[in-house]
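The values are calculated or read from the model by the stated rules, or taken from the named source; none is laboratory data. Just so it is clear, the model here is predicted, and its values are computed rather than measured. Don't worry about glycine lacking a Cβ; one is built from the backbone with ideal geometry, like all the others, and counts go over all protein chains shown.
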Amino acid sequence: MNEKTFKIFVDFDGTISQKDVGEAMFLHFGDSEKALEIANEWMSYKIKATDAWKATCNTIAKLDHDEFDKFLTSIQIDPGFVKFVDWCMQGQSELKILSDGFDYYIDKFLKREGLGHVETRTNKLFFGNENQLMPSFPYTDEECTKCANCKRNHILNFSSDEDYTVYVGDGFTDFCPAQFCDFIFAKNSLLKYCEVNRITYFPYSTFNDVIDKLEELKGKKRLKKRHQAELKRREVFIQG
């Protein structure tokens with residue numbers, strides 16, 4: 001019998017990193033009051049995610065790259081994530097990081113931890129002549145205003161109905177994509193969202209918990225897919 005493998009999709013900010021780096025970045029280097037106001041408007045669905053990011057980037061007049069690099073050293077990643085990456089590779093499970101944050105800091109973190117080989121799908125951040133922030137959104141979806149990087153589309157593009165799909169997340173931008181996966185690992189606001197909406201999930205504290213549960217699932221003779229995820233996926237394909 002073939003060993004079970006998974007298609008695994010993981011959020012970055014607050015999931016891999018122990019702190020939401022994007023949020024911390026704008027609160028530390030920009031106009032924190034304005035940044036929080038923009039974030040609240042976005043999470044209240046009053047403005048689109050792309051517009052929210054553009055406005056938030058404008059709260060930082062210019063970014064001191066050296067100071068930012070020092071700032072990043074104060075933020076650590078989940079203590080079990082490096083082990084989790086190894087677990088995925090050894091078990092031939094595919095892993096992708098899906099983030100509504102920016103490649104600028106995510107790439108730095110992955111390189112720092114020796115994880116530059118892990119595949120990512122993120123928003124992009126460039127810098128003007130005066131070091132002003134210039135965001136770019138290569139994976140936005142015109143029909144979706146909640147995220148600048150449509151994680152749902154990545155899940156649908158990189159998995160099929162035959163795959164066992166896994167989502168690991170913690171926050172607002174994980175509400176939508178998690179619903180398209182068979183097994184959801186949730187904490188913080190994603191956990192609360194799943195509870196309120198009666199979505200089956202596994203709570204976790206670190207990626208060591210995720211490894212333990214996935215090992216348990218791999219040991220089952222029959223692994224049942226989440227019916228609501230199958231319906232959500234089918235709905236998108238029918239509409240498309």
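Brief remarks follow.
- Residue selected from region 151-170 under the condition of a type in the set (S, T, N, Q) and under 24 Å from S189 (Cβ atoms), by the criterion surrounded by the most Cβ atoms within 10 Å (Cβ to Cβ): T165
- Test: residue in region 179-196 that is at pLDDT 95 or above, outside any loop (DSSP other than H, G, I, E, B), polar (S, T, N, Q) and exposed (fewer than 15 other Cβ atoms within 10 Å of the Cβ): no
- Residues of region 119-133 that are surrounded by 12 or more Cβ atoms within 10 Å (Cβ to Cβ) and either under 13 Å from W53 (Cβ atoms) or not charged (D, E, K, R) (or both): T120, T122, N123, K124, L125, F126, F127, N131, Q132, L133.
- Residue check for Y104: aromatic (F, W, Y), assigned to a loop (DSSP other than H, G, I, E, B), on the phi < 0 side of the Ramachandran plot and free of Cβ contacts under 8 Å to residues at least 24 places away in the same chain: no
Residues checked against (1) modelled with pLDDT under 95; (2) crowded, with 18+ Cβ neighbours inside 10 Å; (3) within 23 Å of D163 (Cα to Cα); (4) in contact with a strand residue (DSSP E or B) (Cβ under 8 Å, 6 or more places away or on another chain):
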{"position": "Q18", "(1), (2), (3), (4)": "no, no, no, yes"}
{"position": "F26", "(1), (2), (3), (4)": "yes, yes, no, no"}
{"position": "A61", "(1), (2), (3), (4)": "yes, no, no, no"}
{"position": "F68", "(1), (2), (3), (4)": "yes, no, no, no"}
{"position": "W87", "(1), (2), (3), (4)": "no, yes, yes, no"}
{"position": "F102", "(1), (2), (3), (4)": "no, yes, no, yes"}
{"position": "L110", "(1), (2), (3), (4)": "no, yes, no, yes"}
{"position": "H117", "(1), (2), (3), (4)": "no, no, yes, no"}
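Residue-by-condition table, conditions (1) under 19 Å from T122 (Cβ atoms); (2) in a helix (DSSP H, G or I); (3) of a type in the set (F, W, Y):
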{"position": "E33", "(1), (2), (3)": "no, yes, no"}
{"position": "E41", "(1), (2), (3)": "no, yes, no"}
{"position": "I47", "(1), (2), (3)": "no, no, no"}
{"position": "T50", "(1), (2), (3)": "yes, yes, no"}
{"position": "W53", "(1), (2), (3)": "yes, yes, yes"}
{"position": "A61", "(1), (2), (3)": "no, no, no"}
{"position": "K70", "(1), (2), (3)": "no, yes, no"}
{"position": "S74", "(1), (2), (3)": "no, no, no"}
{"position": "F84", "(1), (2), (3)": "yes, yes, yes"}
